[in-house]
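The values are calculated or read from the model by the stated rules, or taken from the named source; none is laboratory data. This is a predicted model, so every value here is computed, not measured. Here the Cβ positions follow ideal geometry from the backbone for every residue, glycine too, while neighbour counts run over all protein chains shown.
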Amino acid sequence: MNIKKLVLFVLGLGFGLNSIAQTDVRITIDHSFNGSSASADQVYIIQESAFEYDRIQYYLSGFTIIHDGGQVTTIDDLVILVDSDHGNTYELGSLPVSNIENITFSVGVPEHLNHLDPSTYELNHPLAHQNPSMHWGWTSGYRFLCVDATSGLDMVQIHALGDAHYYSQSHVVNSQTDSEGVFVEFTADYGQIFDGLNVIGGLFEHSETSDPIIKALENMQNLVFYPTVTGIDESIEEAFTMYPNPASSDIRISGAKNGDLVTVYDLGGRLVLSHMLNSSIDVRSLEEGVYIVSIDGYSSSRLVVTK
């Protein structure tokens, strides 16, 4: 092999190695409750009642990443145990990824892992026995979501599980890179767990079949998680406020001026409404749910639409 061919071979080998380089990938979760930081020692208001929680824990699994121009990487058998008050960074592994465009995951444990023996795992494994327990039993499997709280003087407990409620959710994201690798940042607003649930007078649900259990897990799928907006000028962001919020018909925006472009995105990153501001914005065309509002490209805040 002559020198020229050798140089080309070495360069090609280098490019090949770069194209499959492994990068540490992680997600971070900003734990929130009704727009404030989530903490077990705080008092919140749910349905006009003082609300405190002792425990919010849940499993995440079923991760699939779309990255680098549409490549798909599935992370088999990774299960993460999330505790709202202990930690916010979760490793997804060393993967051939440089830029993440979409991430899919589920709340809970996949069926093929959901009915195994917890005692077979090492003590630090998420599926090992936990204290307090996250395992219901071999037949029903693991608790996908645990909330222990009080509403006023009344007990609120939601222990939700069941293979039939292993719901997938997908999010358009913009990943970030730092010295430790590639990461995606989410906000999880746990106040949204109770959307459509009545906690006045207490709520005690340990089940895989009841309507409140199904609703709580649907809320975990549809309302709780959204990609954290980054790179926003905070002074501009704080200048905009929307009211009423929640809204069912029209919203007004304080700090914006007529002619500003208002864009509304769902939590999957899809544009659902675009309108030049003229005193108010009609949101009656939007389905019930949570949205992100931007004004001339600057993110304002979340908008909750009710019917």
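Considering only residues that are over 16 Å from Asn258 (Cα atoms) and modelled with pLDDT under 85, which ones fall in segment 273-292? Step through it out loud before you land on a result.
Going residue by residue through segment 273-292, those that are over 16 Å from Asn258 (Cα atoms) are 273, 283-292.
Scanning segment 273-292 gives Glu288, Gly289, Val290, Tyr291, Ile292.
Would you check which residues across segment 133-159 are at pLDDT 95 or above and surrounded by fewer than 16 Cβ atoms within 10 Å (Cβ to Cβ) and list them?
Ser133, Asp154, Met155
Find the residue count for segment 160-203, including only residues that are within 27 Å of Ser39 (Cβ to Cβ) and in a strand (DSSP E or B).
Within segment 160-203, residues that are within 27 Å of Ser39 (Cβ to Cβ) and in a strand (DSSP E or B) number 14.
Can you name every one of the strands (runs of 3 or more DSSP E) wholly within segment 16-94 that holds 3 or more residues which are in contact (Cβ under 8 Å) with a residue 40 or more places away in the chain and within 22 Å of Ser168 (Cα to Cα)?
The qualifying strands (runs of 3 or more DSSP E) are 23-33, 49-67, 71-83.
Could you check segment 298-307 and list, in sequence order, the residues that are farther than 17 Å from Ala188 by Cα, modelled with pLDDT under 85 and either in contact with a Leu (Cβ under 8 Å, 6 or more places away or on another chain) or not in a loop (DSSP other than H, G, I, E, B) (or both)? I'd like the intermediate steps shown before the answer.
At the first step, the residues of segment 298-307 found to be farther than 17 Å from Ala188 by Cα are 298-300, 305-307.
Next, from what is left, pick out any that are modelled with pLDDT under 85: 298-300, 306-307.
If the condition is that a residue be farther than 17 Å from Ala188 by Cα, modelled with pLDDT under 85 and either in contact with a Leu (Cβ under 8 Å, 6 or more places away or on another chain) or not in a loop (DSSP other than H, G, I, E, B) (or both), then Tyr298, Ser299, Ser300 are the ones that fit.
Return the residue satisfying two criteria in turn: it lies in segment 162-187 and is of a type in the set (A, V, I, L, M) and touching a Ser or Thr at 6+ places or on another chain (Cβ under 6 Å), and of such residues it is farthest from Gly289 (Cα to Cα). Spell out how you get there, then give the answer.
Narrowing segment 162-187 to residues of a type in the set (A, V, I, L, M): 164, 172-173, 182, 184.
So of that shortlist, the ones also touching a Ser or Thr at 6+ places or on another chain (Cβ under 6 Å) come out as 182, 184.
Numbers: Val182: 30, Val184: 23 Å.
Among them, the one singled out is Val182.
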